[in-house]
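Any read-out appearing in this document is the output of simple, stated calculations on the displayed coordinates, not a laboratory observation. As the structure is a prediction and not an experimental result, all values here were calculated from the model. Every residue, glycine among them, receives a Cβ derived from its backbone with ideal geometry; neighbour counts consider all protein chains shown.
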Amino acid sequence: MTINTDHYLRVNELKNYLYCPRTSYYSLCLSLERETDLSKAGHEAELTTKRQMKRRKRALHAVHEGDRVFDVALVSHVYEIVGRLDEMVVTEKGVYLIDYKDTDKDHGYWHVQMYAYQLAALEMGYNVLGCYVYSIPKKTYRALTFKAQHHQTFLRIRQELARMIADERCPQPIDHIGKCRVCQYVRFCNDVF
């Protein structure tokens, strides 16, 4: 039996919502997918990094033996989320989850995004040994550990996104207007500038 996942949320929407809820509104409620030079550059940096990583035998220094798999599809039917993880290192004992970032600054969403990937991987039967973010500019790995607050934040955001989609109501603008200056939807937010 195949389960239809068309209505499932993408894991990236959790990140987008934390960055600015309106980006999720424009994408999920109005079906507007916009790209900026900044987002194109980030996507290209990730593609280049994947090509380079595929040539290396052991990129994650904490793992001595293991098979590296790229662009791993993960799904949680419990939480109705889907995502595509950049890299998974498969060992005899379990797996390591790795997501690439084109920045070395965590804007407050890395833990929630990786927590969602971990939930999906666990539900799919993987034994998750660790989660890492790979900073492309610094060429370093950062191990992430999770606390109860990350689960609560994940559930809250998942619920708020579901409510926003059901109500089709545009969220309030964010307080940090600096984000708006580089946002692909800046022209839609006439109440900000």
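Residues to consider are 148, 166, 121; find the one that is of a type in the set (A, V, I, L, M, F, W, C) and over 19 Å from residue 13 (Cα atoms).
148
If I ask for residues that are over 14 Å from the mean Cα position of the chain (by Cα), hydroxyl-bearing (Ser, Thr, Tyr), surrounded by 14 or more Cβ atoms within 10 Å (Cβ to Cβ) and not in a strand (DSSP E or B), which ones from region 111-152 would you list?
The one that is over 14 Å from the mean Cα position of the chain (by Cα), hydroxyl-bearing (Ser, Thr, Tyr), surrounded by 14 or more Cβ atoms within 10 Å (Cβ to Cβ) and not in a strand (DSSP E or B): 126.
Just name the residue that is surrounded by the most Cβ atoms within 10 Å (Cβ to Cβ) out of those in region 168-193 that are aromatic (Phe, Trp, Tyr) and assigned to a loop (DSSP other than H, G, I, E, B).
Within region 168-193, the match that is surrounded by the most Cβ atoms within 10 Å (Cβ to Cβ) is 185.
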